[in-house]
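Here's the structure we're looking at; comments come further down.
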Amino acid sequence: MPATTVPPGRILIVGGSIAGARTAQALRSEGFTGELIVIEPEAGEAYDRPPLSKEYLTGAWSRAQLNLIPGGWASLDATVVRAHAAALDGQGRQIRLSDGQLIGYDALVIATGLSPRRLVADDGEPIGHVIGTASDADALRHQLRDGAHVVAVGGGFIAAEAASVARGLGLPATIIDRRATLLEGSLGAVVGAHIAANHRNHGVDLRTQARITSIARDGSGAVITLEGGGLVRADVLVAGIGSEPNTAWLQGSGIRVDDGVVTDARCRAFGAAGVYALGDVARFYDVHSAKPRRVGHWTNAADQATVVAHNLLHPQDPIGYREAPYFWSDQFREKIQVAGHPDPDAHVDLLTLEGPTPRRIAVYTHGDDDGCSAVVTFGWPRGMVAVRRLMPLEPTTAEMLSELEELAAGARLVAAR
Amino acid sequence: MRIEAKRHLCQSYGNCVAIDPEHLDLDDEGLVVVTRDSVADGELAAVQAGIRSCPVNALVLVEGE
Ligand SMILES: Cc1cc2nc3c(=O)[nH]c(=O)nc-3n(C[C@H](O)[C@H](O)[C@H](O)COP(=O)(O)OP(=O)(O)OC[C@H]3O[C@@H](n4cnc5c(N)ncnc54)[C@H](O)[C@@H]3O)c2cc1C
Ligand code: SF4
């Protein structure tokens, strides 16, 4: 079969989370009538992940509210096989499942995402919670009670959101991180300090610039020793220390893996024909920066799904992926939204825009040309919509600010229908 | 076809508005509003992409004018 010109008859999607589910939906809505098989070890319908450290962890949302596909997999006429993919034979176009079963394909979509890293106790065994799956979140949520002291390790989004949820439930919370501020790795020190101050204001005990020298088991909790001798006793320990791409099953397949599955700008993997990769597991060629990048955010996975589906079905008219970088986090009932690349070397202005409701934003400027590389809004979704509209036009910071100042100043009403 | 927004579900992510500004916007509270609900034939793919971009499935396409 000349695979480059004819749409595939059987498409196999490995990983049935955001990237996999959105690809399946896009394939069907673009009119794909062939066979669709999804390999996903987790039971139940495809579900959304961001709420796992937010509304689902507080108990405000049920599992049903996390459903990603309104009518479920059945509505997409997709066959879901509950197993792990264990190996890929790219030449023979088949995968082997953990139970030994072989499944062939015409086109393969790799959407296996990430697995969170675990903390390791002094005894060499993993300790504490992670938040990667709904069952992880269930296990953690059941511990968030009776005044339990919640200790989150790491200064990223997972730790910050876990601490925020704990405080929201009235529990004492501590964050231990190596850096001086929170979210410093992704947002830089200026915004990091602002977010750290917000956590302190909400009663989080922040142990920054802290190094852990020991984690000893203590009943169902742990005693953590910090460099310099400080002790933190945790009833509930949560790791937010990063994650690894799920690519072990691709070993020996010939598919190029380098901290993620490497793809071109069309989301095609290298090393075998008819193989695509997207979402958190993919390191795609970013046309913006002319470099391969791996992005662990929801919108990236959903947007790439549209590209993968199109390219699978229109092999003669392929499109490239152009990232419109955007992500969000919810902390202390405030939505922190980020568009663009908050480059750590950029100049950052933390501002308050005047208006009926004063709006707090951070604007990142890089280079000599006053280019605006990123904007962070705090609790101002409408402002973020304006930012996302403007961002692809590569505005200067002055242009970005004048747009946002105008929006903040005038309470422009949109009639709801 | 027509777009319907379940505003009580909306979490103000703004994804849909970024993808489909022709039909959708956020109001001052940050909740989605449908600014033009009718979907022309040629727009269907863009509209569906906007709907899929919503993490909480707050948008649906319904039959009829
Ligand atoms: C707790 C949490 C909070 C988050 N909050 C935000 C947020 O606020 N904003 C934001 O933009 N992003 C957030 N994210 C990131 C966002 O959820 C991810 O970008 C998104 O889940 C990526 O989707 P994916 O389908 O690529 O990967 P994943 O969601 O990781 O899914 C991968 C799937 O592949 C399956 N799988 C793995 N290995 C195999 C195998 N060998 N065989 C078969 N199947 C396999 C897994 O079971 C899983 O279902 C958050 C993530 C988490 C975990
Ligand atoms: S994407 Fe969904 S949650 Fe976000 S603004 Fe649109 S409707 Fe609301």
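The values are calculated or read from the model by the stated rules, or taken from the named source; none is laboratory data. Values in this document were obtained by computation on a predicted structure and should not be read as measured data. Cβ atoms come from the backbone with ideal geometry, glycine included; neighbour counts cover every protein chain shown. For accessibility, only protein heavy atoms count, side chains too; no ligands or nucleic acids. Shrake-Rupley method; radii C 1.70, N 1.55, O 1.52, S 1.80 Å.
Residues in segment A:320-327 include none that are more than 28 Å from A:Ala163 (Cα to Cα), part of a strand (DSSP E or B) and either open to solvent by less than 20 Å² (accessible area, probe 1.4 Å) or out of contact with any helix residue (DSSP H, G or I) (no Cβ under 6 Å at 6 or more places or on another chain) (or both).
Which members of segment A:280-303 meet the condition of being more than 10 Å from chain B (Cβ to nearest Cβ) and either within 16 Å of ligand 2 (Cβ to nearest atom) or out of contact with any strand residue (DSSP E or B) (no Cβ under 7 Å at 6 or more places or on another chain) (or both)?
Residues of segment A:280-303 more than 10 Å from chain B (Cβ to nearest Cβ): A:280-297, A:300-301.
Result: A:Val287, A:His288, A:Ser289, A:Ala290, A:Lys291, A:Val295, A:His297, A:Asn300, A:Ala301.
Kindly provide the set of residues from segment A:224-266 that are closer than 25 Å to A:Ile158 by Cβ and buried (at least 22 other Cβ atoms within 10 Å of the Cβ), ordered by number. Give the derivation first.
Let us first name the residues in segment A:224-266 that are closer than 25 Å to A:Ile158 by Cβ, namely A:224-227, A:230-249, A:257-261.
A:Ile224, A:Ala234, A:Val236, A:Leu237, A:Val238, A:Ala239, A:Gly240, A:Pro245, A:Gly260, A:Val261 - these are the residues of segment A:224-266 that are closer than 25 Å to A:Ile158 by Cβ and buried (at least 22 other Cβ atoms within 10 Å of the Cβ).
Can you find a residue that is open to solvent by 20 Å² or more (accessible area, probe 1.4 Å), within 26 Å of A:Arg294 (Cβ to Cβ) and free of Cβ contacts under 8 Å to residues at least 40 places away in the same chain anywhere in segment A:394-404?
Kept after step one, since they are open to solvent by 20 Å² or more (accessible area, probe 1.4 Å), are these residues of segment A:394-404: A:394, A:396, A:398-399, A:401-403.
Among the residues that remain, those that are also within 26 Å of A:Arg294 (Cβ to Cβ) are: A:394.
Imposing the further condition that a residue be free of Cβ contacts under 8 Å to residues at least 40 places away in the same chain reduces the set to A:394.
For segment A:394-404, residues open to solvent by 20 Å² or more (accessible area, probe 1.4 Å), within 26 Å of A:Arg294 (Cβ to Cβ) and free of Cβ contacts under 8 Å to residues at least 40 places away in the same chain: present.
Determine if segment A:52-62 includes at least one residue that is away from ligand 1 (no atom under 15 Å from the Cβ), more than 19 Å from the chain's Cα centre (by Cα) and at the interface with chain B (Cβ under 9 Å from one of its Cβ atoms). The answer is no; no qualifying residue exists. Residues that are of a type in the set (Ser, Thr, Tyr) and in contact with a helix residue (DSSP H, G or I) (Cβ under 6 Å, 6 or more places away or on another chain) are absent from segment A:128-143 altogether. The one condition from (1) assigned to a strand (DSSP E or B); (2) of a type in the set (Val, Ile, Thr); (3) more than 20 Å from the chain's Cα centre (by Cα) that A:Val387 does not meet is (1).
Can you tell me which residues in segment A:36-91 are within 26 Å of A:Ala248 (Cα to Cα), within 16 Å of ligand 2 (Cβ to nearest atom) and open to solvent by 60 Å² or more (accessible area, probe 1.4 Å)? Within segment A:36-91, A:Arg49 is the sole residue that qualifies. Looking across segment A:328-351, the residues that are assigned to a strand (DSSP E or B), more than 16 Å from ligand 2 (Cβ to nearest atom) and open to solvent by less than 20 Å² (accessible area, probe 1.4 Å) come down to A:Gln331, A:Gly340.
Yes or no: A:Trp249 in contact (Cβ under 8 Å) with a residue 12 or more places away in the chain and within 16 Å of ligand 2 (Cβ to nearest atom)? Full working, then the answer.
Values: in contact (Cβ under 8 Å) with a residue 12 or more places away in the chain: yes; within 16 Å of ligand 2 (Cβ to nearest atom): no.
Considered against the rule, which asks whether it is in contact (Cβ under 8 Å) with a residue 12 or more places away in the chain and within 16 Å of ligand 2 (Cβ to nearest atom), A:Trp249 comes out as no.
You will find that of A:Ala269, A:Ala290, the residue that is among the aliphatic types (A, V, I, L, M) and open to solvent by less than 50 Å² (accessible area, probe 1.4 Å) is A:Ala269 and no other. Within segment A:2-35, if we keep just the residues that are open to solvent by 10 Å² or more (accessible area, probe 1.4 Å), among the polar types (S, T, N, Q) and more than 16 Å from ligand 2 (Cβ to nearest atom), the residue that is nearest to the other protein chains (Cβ to nearest Cβ) turns out to be A:Ser29.
Looking at A:Ile131, A:Ile127, can you tell me which residue is open to solvent by 10 Å² or more (accessible area, probe 1.4 Å) and touching a Ser or Thr at 6+ places or on another chain (Cβ under 9 Å)?
Selected residue: A:Ile131, the only one of A:Ile131, A:Ile127 that is open to solvent by 10 Å² or more (accessible area, probe 1.4 Å) and touching a Ser or Thr at 6+ places or on another chain (Cβ under 9 Å).
Would you point out the residue of segment A:92-124, among those that are surrounded by 15 or more Cβ atoms within 10 Å (Cβ to Cβ) and over 27 Å from A:Phe284 (Cα atoms), that is nearest to the chain's Cα centre (by Cα)? The qualifying residue nearest to the chain's Cα centre (by Cα) is A:Leu119.
Residue-wise test of (1) closer than 20 Å to A:Arg233 by Cβ; (2) surrounded by fewer than 18 Cβ atoms within 10 Å (Cβ to Cβ).
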site	(1), (2)
A:Gly147	yes, yes
A:Ala152	yes, no
A:Gly156	no, no
A:Ala162	yes, no
A:Ala166	yes, no
A:Ile175	yes, no
A:Leu187	no, no
A:Val191	no, no
